[in-house]
Each structure stands twice: as structure tokens, then as C-alpha cells.
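What follows is a set of notes on a single structure, which appears directly below.
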Amino acid sequence: MKKCQYFSYELLHEDKNCGARYGVIHTIHGDVYTPMFMPVGTCATVKYISPEELYDMNSQVILANTYHCWLRPGEDIVNYAGGLHKFMNYKRPMLTDSGGYQVFSLSKNRKISEEGVKFKSHLDGSPLFLSPEKSIEIQNKLGADIIMSLDECPPYPTTYDYMKKSIERTLRWAKRGQEAHNNEYQALFGICQGGEYEDLRKYSTTKTVEMDFDGYSIGGTALGESKDVMHKMIEYTVKYLPKDKPRYLMGVGTPEDLLEGVLRGVDMFDCVLPTRIARHGSILTTYGKINIRDKKYEKDLSPLDKECDCYTCKNYTKAYLRHLYKCDEGLGKRLLSIHNLRFLLRLSEDMRKAIQEDRFLEFKKEFMDKYGQGKPTTLIK
RNA sequence: GGGAGGGUAGCGAAGUGGCUAAACGCGGUAGACUGUAAAUCUAUUCCUUAGGGUUCGGCGGUUCGAAUCCGUCCCCUCCCA
């Protein structure tokens, strides 16, 4: 195992009134401030968005996905090109997911064993085998600043017995991945699972922490559980995490989920939501979610969100964006994605500021008072 | 002037006596989307006071029953003169 000497986390300030924390992560590609939202670029690109546009919207870390990059173009080609940063011309820090989420999302096409996961490629059905060692090997070649240990992400709900077996196996996989890790420039995060079961969350978390990772991820949330359950999953995990390491809530989420996570001491988030829903016409605004497709915006010459400072809001009207959307023009998807990403990045900035001033709770209430005035967002049944 | 084929919902297009208010596609109107198998998926789309009402170029027939059969008129496309 190669321990990373180029990665560290500093807790700069804790809000006096809640668990929210402001910090900085040092990497060889620069410093990033937390709490932060990380845009997802599964196939080594944030869909429709260039690196320059990401810098402009003050994006810090972006993600790429091990499973997808493994299939195309292949980790050796990325490595030959000089790693993900050079390959895709992104100069800021990057993170790769381990393929653990595909253990969940491709569940119809895979089989889990102690050794690893057998997949059928979603592209052509060809057989694939991903082990903890293989995942780390691929990620070592991809060269992101932060990499993830391969985990099993069981669906929600999962029985207690299965979850117990699953977290035991994920712990063994974590150990194997740690031993396989062979790139001193990369920080390795362990992933805590355990579903909604308090004792399993505690067990998974404390055992993972004992292995001394560079940071800790909270997995298994936002899989269809209620908000209450999600909040409990976060609490059951954060409780056992060390203060001097970053905490990453994987796959989350909505503006309200970010606020709830930060309130409970989470530092990092990622989610496909802003980009995916943008491509489908849904827009996050200060006053709630809207759909640009709706006829009421046909002649609306105002920006998507009057309080937004993004490139799209500074330059384009709803009427034009609606037109682009309805014509299925790529520029529409790009402009809408820019807005939604900037919305969550700006929310992150505002949260950091509020925490430094010990007024996170007030900020959260003010934000939700406005955001809730729009159409209620029922993202989880 | 002669011959042939057509006119079905906003558009394209099935259907050729009852199971047809009428397949399907597009377009329209809405909804969903949380570590991306996602430029995807779902609902809805003649009118309606929800009981019904009015439709398949127009009009008139045949029939218990017609978008479907018959007559006639209008219009469109192609070929020959």
C-alpha cells in the first residue's frame, strides 16, 4: 500500500450551533474548500460542459467513473494520455468512483462473489470481472486525486442479514483494495455502508475507520428511502467518523439534501441530478424547481433565476432556453446544465460562508423558506 | 380529353361491415429523474357540464349496424394525349 503524502484535510471552522463544518482539502492539483458539491463526469466529461465552463462556475473537484472509463476508452489509453487530467484537459482535482454504484445500478447484469463482481457489459453484454484489486488498479492508472474503495451498494431496503454479510465483505474488499493501492499521488477513501440499521452503520464505520483511510464515504443513501431514514443513515455514520478526515456523502443530491447533509457534518457531495435533470428541462431556482418545457415560459424574457449569477442567467431568457429545449438543441442542454451546476456550487459557497459566520442554521432556514415557495420537490417517495 | 391511385384526429399513417373514438409514429401538454445502461422514462392528447355528444372529403342511399358497401359531387397525385 502506498500512503498518499500529497493529500490532507484541514478543519478550519465548526459552526457553533450545529454539526456543519468548513474545511480545506489540499491536493497536488490545488486546494478545494468544503462543504462542496462535485459535478459528475462519468465518461471523463461532465456531459455538455467544457473544463473552462467548469472553472467559470467555480467547480472544484469533478468525478469520473471507473466502470465507464474501464470500458471506454480503457484505463491504459487514459494512462498513455497522461492520466485523466491531461486526457480531458481538466486542471483541478478529480475523484473516481470505484464501480461500486454499478454493483447496484447494473444489478440485473451482475453477480457478486467474495472475489469480486461479474458484470455483463451494458454496451455489448460481454463478460467483465471487477475485483477490489482491479478497481484500484484501474483507478491508479486513471490517476484521479481521490479514489474509492470498491464496495457493494445493496439496494434499499435490504434485509439485516444480507446487509451484515454485505458490509463484512465490503470491509474485506476495502482491505484488499488498500493493499493493492500503488499510486502515492492518490488519496484512497473507504466507504461505509449498513443501510438503515444503526448497529451495522456503526460497525461498518468503526471498522472502516480502523483501516485509516484518507477520507470516508457514506454509501447506500438516496436509494429510495425516506428523508428521515436518509438523515438517520448519515447520523449513524458521521457519529463514528474522525474529525480530521473529509466525509463524502455519495450520490447526493438535491439542494435540501445538501443542506441536511452539511448540517450533520458532511463535507463532500456529488450527484448526477443537476446535469441529468437539466438535460430533461428541469431547473433548480431560488424559488423552487421549474420545468423550462412548460408553455408558460413561451414568452418569458426573464432569466431562469433572477438571483443567479451563472453565465446562462446573465445572457439568456427563459423563452430562448425553452425554444432550444423544444428543438432538442445541444446548446440548450449545455446552458441549462451550466445553470443547475452553478446553482449547487453557489449553494456550497453560501453554505461555507454561513458556517464561517456561525449562522448555518439561519441560512438553511432562509434558503428553504424561499426554495419551498416553488413547486415542492418530491424526489423521494 | 383518356387511364390509374388517393382524400382517416394538428401532421404522417393503419384500419376495408359490429371487438373502432379509431392502431402506430411525429407534434402538443404535463410529470419523473440523487456515487449516469438516462438527448431517458411515464401520463395525457376530438368535444364534454363526464350523463353523454359529434367524427374518418361533401351530400344521399343500402344495412339491425358504415371510416369500411352503393350512387353522386368536390379536391389531390401520377401516367398517356
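The values are calculated or read from the model by the stated rules, or taken from the named source; none is laboratory data. What you see is a predicted model; the values in this text were computed from it and never measured. Here the Cβ positions follow ideal geometry from the backbone for every residue, glycine too, while neighbour counts run over all protein chains shown. Each accessible area value is taken on the protein alone, full model and side chains, heavy atoms only, with ligands, DNA and RNA left out. Shrake-Rupley method; radii C 1.70, N 1.55, O 1.52, S 1.80 Å.
Near A:LYS91, within a Cβ-to-Cβ distance under 15 Å, what is the net charge of the other residues, with Lys and Arg +1 and Asp and Glu -1?
On the way: positive: A:LYS86, A:ARG92; negative: A:ASP31, A:GLU52, A:GLU53, A:ASP56, A:ASP145.
In short, -3.
Output the peptides A:190-200, A:107-117, A:224-234 sorted from most to least packed, where packing is the average of other Cβ atoms within 10 Å over each peptide's residues.
Values: A:190-200: 24.1, A:107-117: 13.8, A:224-234: 17.5.
The most tightly packed comes first, giving A:190-200, A:224-234, A:107-117.
What are the principal axis extents of the Cα atoms in chain A, in Å, biggest first?
58, 48, 40 Å, listed from the longest principal axis down.
Nearest 5 is fine: what % of DSSP beta bridges in the stretch A:5-100 come out antiparallel, could you say?
Restricted to the stretch A:5-100, the bridges split so that about 70 percent are antiparallel.
As an exercise, use a Förster radius of 30 Å and the Cβ-Cβ distance of A:TYR311 and A:SER226 to find the FRET efficiency, rounded to the nearest 0.05. All intermediate terms of the calculation are to be shown ahead of the outcome.
Values: r = 36 Å, r/R0 = 1.21.
Rounded to the nearest 0.05, the efficiency is 0.25.
Residues with amide H under 5 Å of A:ALA187's amide H, sequence separation 5 or more or different chain, H placed in the peptide plane at 1.01 Å from N; which?
A:ILE146, A:ILE147
Any idea what the relative contact order of chain A is, in percent, if you count C-alpha pairs under 8 Å spaced at least 6 apart?
Numbers: 782 pairs, mean separation 71.8, N = 381.
Once divided by the residue count of chain A, the mean separation gives 19 percent.
Once the stretch A:59-170 is represented by equal point scatterers at the alpha-carbon sites, with solvent omitted, what log10 I(q)/I(0) does the Debye formula produce at q = 0.11, 0.13, 0.23 Å⁻¹?
The Debye formula, applied to the Cα set alone, gives -0.37, -0.51, -1.24.
Would you please give the residues with an amide H less than 5 Å from that of A:LYS289, counting only those at least 5 places away or on a separate chain, with H modeled from the backbone geometry?
Long-range HN contacts for A:LYS289: A:LYS375.
Relative to the Cα centre, what is the charge dipole magnitude of the stretch A:74-204, using +1 at the beta carbon of each Lys and Arg, -1 at the beta carbon of each Asp and Glu, and rounding to the nearest 20 debye?
On the way: 18 positive and 18 negative charges, 40 e Å.
Once rounded to the nearest 20, the dipole reads 200 debye.
May I ask you to list the lysines whose Cα is less than 21 Å away from that of A:LYS207, ignoring any residue fewer than eight positions away on the same chain?
Filter leaves A:LYS2, A:LYS3, A:LYS164, A:LYS165, A:LYS175, A:LYS232, A:LYS239, A:LYS243, A:LYS245.
Might you tell me the accessible area per residue for the stretch A:1-71, computed with a 1.4 Å probe and given in Å²?
So the stretch A:1-71 comes to 39 Å² accessible per residue, rounded to a whole number.
Please compute the contact order of the stretch A:229-356 in relative form: average sequence separation of alpha-carbon pairs under 8 Å and at least six residues apart, divided by the residue count, as a percent. Numbers along the way, then the final one.
Numbers: 160 pairs, mean separation 26.6, N = 128.
The value is 21 percent.
Determine the gain in length on full extension of the stretch A:LYS120-A:LEU11; use 0.36 nm per residue of separation and subtract their C-alpha separation, reporting nm with one decimal.
Additional length available on full extension: 35.0 nm.
Would you work out what percent of the accessible area of the stretch A:1-103, with all protein chains in place, is carbon or sulfur (probe 1.4 Å)?
Numbers: 2110 of 4220 Å².
Ligands and nucleic acids excluded, carbon and sulfur reach 50 percent.
What full-extension length gain, to one decimal in nm, is calculated for A:CYS43 and A:LEU331 as 0.36 nm per residue of separation minus the Cα-Cα distance?
Details: separation 288, 0.36 × 288 = 103.68 nm, distance 1.95 nm.
Gain in length upon complete extension: 101.7 nm.
Out of A:THR206, A:GLY23, A:MET233, whose Cα points farthest toward the positive end of the dipole of chain A (charges: +1 Lys, Arg; -1 Asp, Glu; placed on Cβ)?
So the residue we want is A:MET233.
Distances over 18 Å make up what percent of all Cα-Cα pairs in the stretch A:285-334?
Working: 270 of 1225 pairs.
Tail fraction, whole percent: 22.
Per residue of the stretch A:37-43, in order, report the coupling 6.51 cos²θ - 1.76 cosθ + 1.60 (Karplus, θ = phi - 60°) as ³J(HN,Hα) in whole Hz, putting x for Gly and Pro.
For the stretch A:37-43, the Karplus curve yields 9, 10, x, 9, x, 2, 9 Hz.
Report the Cα-based extents of the stretch A:224-378 along its three principal axes, largest first, to the nearest Å.
If we take the Cα atoms of the stretch A:224-378, the spans are 51, 32, 25 Å.
Taking the Cα centroid of the stretch A:329-343 and of the stretch A:198-245, what is the distance between the two, rounded to the nearest whole Å?
Going from one Cα centre to the other spans 33 Å.
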